[in-house]
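The values are calculated or read from the model by the stated rules, or taken from the named source; none is laboratory data. This one's a predicted model, so the numbers in the text were calculated from it and none came from an experiment. In this analysis, Cβ positions are derived from the backbone assuming ideal geometry, glycine residues included, and neighbour counts consider all displayed protein chains.
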Amino acid sequence: MKKLFAVIIAMAMLLSAAAFAEITGTWNLSEAVMNGTSMSPADMGIQITIVLNEDNSAVMSSNISEDGDKTGTWSLDGETLTITTDGEEPSTLTYADDKLIMDMGDEGSMVFTQGEVEAPYVPAAANTAAAVEDFAGKWQAVKVGMEGKYFPAEMLNQAFGGDYDPFTAEINGTSIKIAGFMFGSALPELPATFADGVLKIEVEGQFSIACQLLEDGAMSMAMSAGGQSFEFIMTKAE
């Protein structure tokens, strides 16, 4: 019986040592989930890093924090990782499936992984050879860009505090019918001009739109409205 206990204790120690070895190192924020919507931190220009050192010291850094790096200690109890930094409440994460998951309750969750950080989204090059008939059809926004940062289009509801329908554009020749987002139900067809591969709409005092097809088959719709500028990345609606 003593030998059995000794074997069990030895196995537990080996498993604990293996988990310790696996969890040490640098962890990068690779996914953020808010209200069920998965977002790429890289697309939004957000970098958060957790470094877990072998001496149980920890460093948390972020490019969106004005407080600089936070240093402290870490401990692992089963699948529960606790990070304690100076002057802060301890942060608790779950270690499972080679991921660290921080549950933020109603605000969502953050997922950290090891390895290379995902490259941020960059729209494909413009298809300058596109003809006006290439724009025909119904398009739906999948990303929205602001100041070079891109968000899932579903985030429009949360960013602007409304309950918007998906933003769509139906193009027929040189007319465009847009619906959803801040426009509510479909607006009347708006006349556009086409030149140099770009469809343009100008509604004086309200908004302007410039549509351009991209080399990957998507469409970029640059919009200025209400003193704000957006870029919608759209794909053909099924």
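Tabulated data for the structure shown
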| quantity | calculated |
| --- | --- |
| Segments classed as strands (runs of 3 or more DSSP E), wholly inside segment 95-178, with at least 2 members that are within 30 Å of THR82 (Cα to Cα) and charged (D, E, K, R) | 99-103 |
| Neighbours by Cβ (under 6 Å, 6+ apart or cross-chain): first from segment 164-180, outside the structural domain of MET223 (by TED's automatic domain parsing) and more than 14 Å from LEU190 (Cα to Cα); second assigned to a strand (DSSP E or B) and charged (D, E, K, R) | none |
| Residues of segment 71-87 that turn out to be modelled with pLDDT of 90 or more, buried (at least 17 other Cβ atoms within 10 Å of the Cβ) and out of contact with any Pro (no Cβ under 7 Å at 6 or more places or on another chain), as a count | 4 |
| Residue in segment 32-39 that is more than 25 Å from GLU154 (Cβ to Cβ) and either out of contact with any Gly (no Cβ under 6 Å at 6 or more places or on another chain) or exposed (fewer than 12 other Cβ atoms within 10 Å of the Cβ) (or both) present | no |
| Which listed residue is crowded, with 16+ Cβ neighbours inside 10 Å, in a loop (DSSP other than H, G, I, E, B) and acidic (Asp, Glu), from ASP43, ASP67 | ASP43 |
| Counted residues, segment 184-200 - those being at pLDDT below 90 and either under 29 Å from the mean Cα position of the chain (by Cα) or surrounded by 18 or more Cβ atoms within 10 Å (Cβ to Cβ) (or both) | 3 |
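To keep it simple, each residue is scored yes or no on (1) at positive phi; (2) surrounded by 13 or more Cβ atoms within 10 Å (Cβ to Cβ); (3) at pLDDT 95 or above.
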| site | (1), (2), (3) |
| --- | --- |
| ASP55 | no, no, no |
| ALA58 | no, yes, no |
| ASP98 | yes, no, no |
| GLU118 | no, yes, no |
